[in-house]
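See structure below.
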Amino acid sequence: MIKTMSKIIFAGFSVLFLAQSAFSMENGGLLTNDTKFANAEKDGSLKLDQKNGLNLWFRNPLSEDGSSYIAGEGSFQYEYNDAVEDSDKKLILYADLNLLKIVAKKELDSGDLTFSAGRFFNSDLTGIIFSQNADGVKIDANLSKAAISLYGAYTGLLNAKNITIIGDDTDLTDKEKTVYVTANKFVLGALTLSLPYFAANQSISVEGLAAISLESTKINRFWGTVELGGPIVAPVFYNISSTLGLSKSDEKDMEKANLSKASLSVYPDYKSMSISLNALYASGNQGGFKSFQGFTSGTAVNSLIEPEYSGVLTAGLSASIKPVENFLLYAGGDLVFDALSGDESEEIEQAGFQYNAGFNWSIVSDVLFCVDFVGYKGKEEHENTIGASKNQLKISAAIAF
């Protein structure tokens, strides 16, 4: 693995060396600190999870306007997690190549065409199913009446300690001090078509996404999403989307599932304020649907077990405001429903309530300070599916240089 990473890094910096003679290179770094206190057990005391990291980045323009460029970012992080019982495994080390891509942009008569290749972040329409780095290529065509995106990627060279893929069975046992462990091999493909303001200022997007396993134990997944959004009456906007998920593993027949989201947002012309009503449903076992499964691991409920977006329904309110410049204050809360409850796992029952509050303060242009408090109060009968009650306080700081 070290040899593989060395080849990737060497190739990236070789391209950079050849390119930097034409245009000036920008570079910098970021020091980060994340201090988190949370209960690791149902009735346990707060435990410390401390992370510190160093990120170094560069960006080298390949055109005079900077629209074509080479960019890269590497990181090193150590974590001390007091919630880990084994004292020899409390310290965890990470190292990663977060970004290494080349971007070429071509202006067209009716828009522009952008080509990206390398390791970079990408997300699906929902921001939930696929939202992570991968090694691949992407072509974006922004035309006068439509936007088309074609994406393909591979996960087998990613660091399994830095990104969690649902269905990845990489063994991380006794590898706390091993900074790089390769993830399972998946091939991804996506095609997205968006029609902005196609009628009455409304926009519609459709997307097909596939994840094919290259491992001996296969789990192949396919998702089709339709998204609709736009203004109702300014300053009120809405966004709704629904996804049909299909999954096939060696042990099971093809199963279908659903993920649906909706939001209604108001943006008053006052101190960058926003107020949103939000709802999300990830199927459990209702109406012929099975448990929904995405690709990138994510936390649907801030409970003790931090469940995935599967077998859960949430509905709530969130708001944010900038009372002064460079200071963002936010808060929110959701009713949480268990979609895996009941004898036949077909019922949807109220399981608890989650809440969050915090602020982001850009003290100066290069210093960011954040405080975030999240909690969940749940019912005991839903602890196996949604999780037990949890409270967490996270304090973060970042210094750019």
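From least to most packed, judged by other beta carbons within 10 angstrom and beginning with the fewest, Ile148, Ile219 follow the order Ile148, Ile219.
Mean silhouette area of the stretch 257-373, derived from the convex hull of its C-alpha atoms and averaged over all directions, reads 8.9 nm².
The alpha carbon convex hull volume per residue for the stretch 214-297 rounds to 123 Å³.
Sorted ascending by nearby beta carbons within 10 Å, beginning with the fewest, Trp57, Trp223 become Trp57, Trp223. Taking the number of Cβ atoms within 10 Å of each Cβ as an exposure proxy, the fewest-first ranking of Arg221, Arg59, Arg119 is Arg59, Arg119, Arg221. Cα centroid separation, the stretch 252-286 to the stretch 163-181: 31 Å. Here the Debye sum runs over all C-alpha atoms of the stretch 77-211 as equal scatterers in vacuum, and log10 of I(q)/I(0) at q = 0.17 Å⁻¹ comes out as -0.96.
All of the numbers you see were taken from the coordinates with simple rules; none came from a lab. For clarity, every value in this text was computed on a predicted model and none was experimentally measured. Cβ coordinates were reconstructed from backbone atoms using ideal geometry, including for glycine residues, and neighbour counts include every protein chain displayed.
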